[in-house]
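Single-structure report; data block below.
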Amino acid sequence: MSADDSTLPAHRGLEARLQAWIALVRFGGAALRDAVSPSTYNSATREVVARQIYFTAWQILPWFTGFIVVLSLVVTQILADAARGLGIFQYAFQFSLRALVLDIVPLLTAFFVALRTGAAMATEVALMRIRNELGAMERMGIDPMRLELVPRVIAGIVSLLALTSAAVAVSLLCAHLVVTGFEPWATHDAELRHVVAEVVSPTAMVALWAKVLAFGLAVTIIPIAESLNAPRRMFHAPIAVLNGMVRLFFALMLIEVSVLALQYL
C-alpha cells in the first residue's frame, strides 16, 4: 500500500465529519425558518409540541426540582464553608449565585434534557427514517419537517427554558437559606436585593438566556440532524444516536466555555 493510499481513510473520515456538520447547519437553518413561520402552527403541530413539552418538562419537574434543591444546598454549603475559612463569608451568597445561577444549573439542566429528550428524539427520527415513514409522509403531501421535526425542536427549546427558569429560582432560594443559616428573616431586604442585583444584572441575564437558548438549539437540532443523515439500516440506528449525543455534549461544552471566556477574559 502506498503512502497516498494509507491517508485515504483519514481524508474520508474528515470529509464525512465535515459533511455531517454542514448537514447539521442546513437542518438548523431550515428548522429555525419554519419555527418562526406562522403557517407551521396548526392543530397537529400544536399537539406534537404539547406532547413533547409534557414528556420533556412537566413529567420530570418534581424529581428534577428535588435534585436541584439537593445540589444547591450542597454546593452553597461547600462555598459558604470555604468563604468562612478564608474570612470572606460576607461574599458567600454572591459566590453561590454566580456558580449556581449563571453556570452550574443551566448546564446541568441542558444535560438533563439532552439525556431524556435528545436521545429519545434521535432514536425516534432514526427509526422513522429507517422505516421510510418520513418519505411516506412526503408522498401523501405532508411535510414531515413541519409535522414531526420542527415541533420537536420548538418543544425542546421551550422545555429547556422552562426547566432552567424553575431551577434558577429554586437554586437562588436554597442559596439564600444556607447563607442565612436557614433564617432568611435575619438578612435585611435591602442587602439581599443589592447582592441579587449585582450578580443577576441585565447584562448577566442576557448572557444567561442567550446561552440557554443556544443549549436548547443544540439539544434538539444536533440529535435530529444526526439521525436524518444515518443510513437506512436498522443496525445504524444506535450508531446515529451515539454519534448525535457525542456531538451534542461537545457542542454544549463548547457553548459553556465560550460564554465563560466572553465573561471573564
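The values are calculated or read from the model by the stated rules, or taken from the named source; none is laboratory data. Small disclaimer: the values here were computed from a predicted structure and weren't measured. Counting neighbours? That spans all protein chains shown, and the Cβs are built from the backbone with ideal geometry, glycine included.
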Say whether the condition of being surrounded by fewer than 15 Cβ atoms within 10 Å (Cβ to Cβ) and either over 28 Å from R232 (Cα atoms) or of a type in the set (G, A, S) (or both) is met by at least one residue in the stretch 121-136. yes
Being of a type outside the set (D, E), assigned to a helix (DSSP H, G or I), modelled with pLDDT of 85 or more and farther than 19 Å from A214 by Cβ narrows it down to one residue among V113, V74, V101; which is it? V74
For G141, are the conditions met, namely being surrounded by fewer than 14 Cβ atoms within 10 Å (Cβ to Cβ), under 30 Å from V196 (Cα atoms) and either β-branched (V, I, T) or at pLDDT below 90 (or both)? no
Give all pairs with beta carbons closer than 8 Å in which a residue from the stretch 23-34 that is within 16 Å of A230 (Cα to Cα) meets a residue that is not in a helix (DSSP H, G or I); count only pairs at least 6 apart in sequence or on separate chains. A23/N229
Out of the stretch 203-241, which residues are hydrophobic (A, V, I, L, M, F, W, C) and more than 17 Å from the chain's Cα centre (by Cα)? A204, L228, A230, M234, F235, A237, I239, A240
Enumerate the pairs (first residue in the stretch 75-98 and within 18 Å of V170 (Cβ to Cβ); second residue anywhere and modelled with pLDDT under 80 and not in a helix (DSSP H, G or I)) with beta-carbon separation below 8 Å, excluding pairs fewer than 6 apart on the same chain, so at least 6 apart or on different chains. L97/V200
Having 1 or more residues that are modelled with pLDDT under 90, surrounded by 15 or more Cβ atoms within 10 Å (Cβ to Cβ) and of a type in the set (D, E, K, R) is the bar; report the helices (runs of 4 or more DSSP H) wholly within the stretch 164-265 that clear it. 202-228, 237-264
Sort out which residues of the stretch 27-43 are crowded, with 16+ Cβ neighbours inside 10 Å and of a type in the set (D, E, K, R), and write them in order of number. D34
Filter the stretch 128-143 down to residues that are in contact (Cβ under 8 Å) with a residue 12 or more places away in the chain and either part of a helix (DSSP H, G or I) or under 26 Å from the mean Cα position of the chain (by Cα) (or both) and give me whichever is farthest from G29 (Cα to Cα). I130
The lone exception for V153 - which of (1) in a helix (DSSP H, G or I); (2) surrounded by fewer than 19 Cβ atoms within 10 Å (Cβ to Cβ) it fails: (2)
